């Protein structure tokens, strides 16, 4: 989920930014130090929206930088359980697939790629035995977040595509068409009933 986070922190501005206006120096340092970093309490920091307030600078003996107490807004993405995500399959392995979600990568275990018995084919794709569906690198997919772990620093995201409305975009479209056909068939049956008849 994307959020705008209001943050207050002491920003360490290095000497190479001293020639800039204070707010500009703080923003430049934020872009260098914060953007694309991961903070467990915030998520993945995608960008600095604004620097709203900067206090007086503090110099610590022995450190050439200046510290400014600052208030600023960040655009962050924090994965959340059950969230729907869109991405592109980046790599297929014998245990599943890795999907590029933009800010991070997620992992879909082979058992969670589709509702079928799935095997790794010789061509490096995941194939469903009964459905004949194939998942390859480069496929665009919709998945649901089912696990998040921060144990090793970068969050590890576990995904599933086994539920209705999830999976390769072609499969999602097939599912929609199937539902529409069932609705039309149901409507035709109902339209043949005499007026006042119970559905």
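The values are calculated or read from the model by the stated rules, or taken from the named source; none is laboratory data. Because the structure is predicted, anything quoted here is derived from the model rather than measured. Here the Cβ is made from the backbone with ideal geometry for all residues, glycine too, and neighbour counts use every protein chain on show.
Give 75, 81 a once-over and let me know the one that is part of a strand (DSSP E or B), under 30 Å from residue 168 (Cβ atoms) and in contact (Cβ under 8 Å) with a residue 40 or more places away in the chain.
75
How many of the residues in segment 36-51 are surrounded by 13 or more Cβ atoms within 10 Å (Cβ to Cβ) and closer than 14 Å to residue 9 by Cβ?
Qualifying residue count for the region: 5.
Quickly run through segment 28-42 and pick out the residues that are part of a helix (DSSP H, G or I) and under 25 Å from the mean Cα position of the chain (by Cα). It would help to see each step written out before you state the result.
Residues of segment 28-42 that are part of a helix (DSSP H, G or I), as a first pass: 28-33.
Listed by number, the residues that qualify are 30, 31, 32, 33.
Return the residues of segment 9-27 that are buried (at least 16 other Cβ atoms within 10 Å of the Cβ), more than 26 Å from the chain's Cα centre (by Cα) and either outside the structural domain of residue 73 (by TED's automatic domain parsing) or part of a helix (DSSP H, G or I) (or both); say none if nothing qualifies.
17, 22, 23, 25, 26 - these are the residues of segment 9-27 that are buried (at least 16 other Cβ atoms within 10 Å of the Cβ), more than 26 Å from the chain's Cα centre (by Cα) and either outside the structural domain of residue 73 (by TED's automatic domain parsing) or part of a helix (DSSP H, G or I) (or both).
Pairs only if they're at least six apart or on different chains, beta carbon under 7 angstrom, first in segment 131-152 and without any contact (Cβ under 8 Å) to a residue 24 or more places away in the chain, second outside any strand (DSSP E or B); list them, first residue then second.
Correct list of pairs: 131/114; 131/116; 134/125; 149/155.
Taking segment 106-130 as the region of interest, how many residues are in contact (Cβ under 8 Å) with a residue 24 or more places away in the chain and either closer than 12 Å to residue 167 by Cβ or outside the structural domain of residue 93 (by TED's automatic domain parsing) (or both)?
Total meeting the criteria: 6.
Report, ordered by the first and then the second residue, all pairs with beta carbons closer than 6 Å, sequence separation of six or more or different chains, a first member in segment 159-173 that is without any contact (Cβ under 8 Å) to a residue 12 or more places away in the chain, and a second member that is assigned to a loop (DSSP other than H, G, I, E, B) and surrounded by 14 or more Cβ atoms within 10 Å (Cβ to Cβ).
Note: no pairs meet the criteria.
If you check residue 68 against the conditions, is it over 30 Å from the mean Cα position of the chain (by Cα) and either in contact (Cβ under 8 Å) with a residue 24 or more places away in the chain or outside any strand (DSSP E or B) (or both)?
Answer is yes for this residue.
Just name the residue that is surrounded by the most Cβ atoms within 10 Å (Cβ to Cβ) out of those in segment 106-118 that are out of contact with any helix residue (DSSP H, G or I) (no Cβ under 8 Å at 6 or more places or on another chain) and not in a loop (DSSP other than H, G, I, E, B). Walk me through how you get there before you give the answer.
Applying the first criterion (out of contact with any helix residue (DSSP H, G or I) (no Cβ under 8 Å at 6 or more places or on another chain)) to segment 106-118 yields 106-113, 115-117.
Now drop any that are not not in a loop (DSSP other than H, G, I, E, B), which leaves 106-112.
Numbers: 106: 24, 107: 17, 108: 28, 109: 15, 110: 18, 111: 12, 112: 21.
That would be 108.
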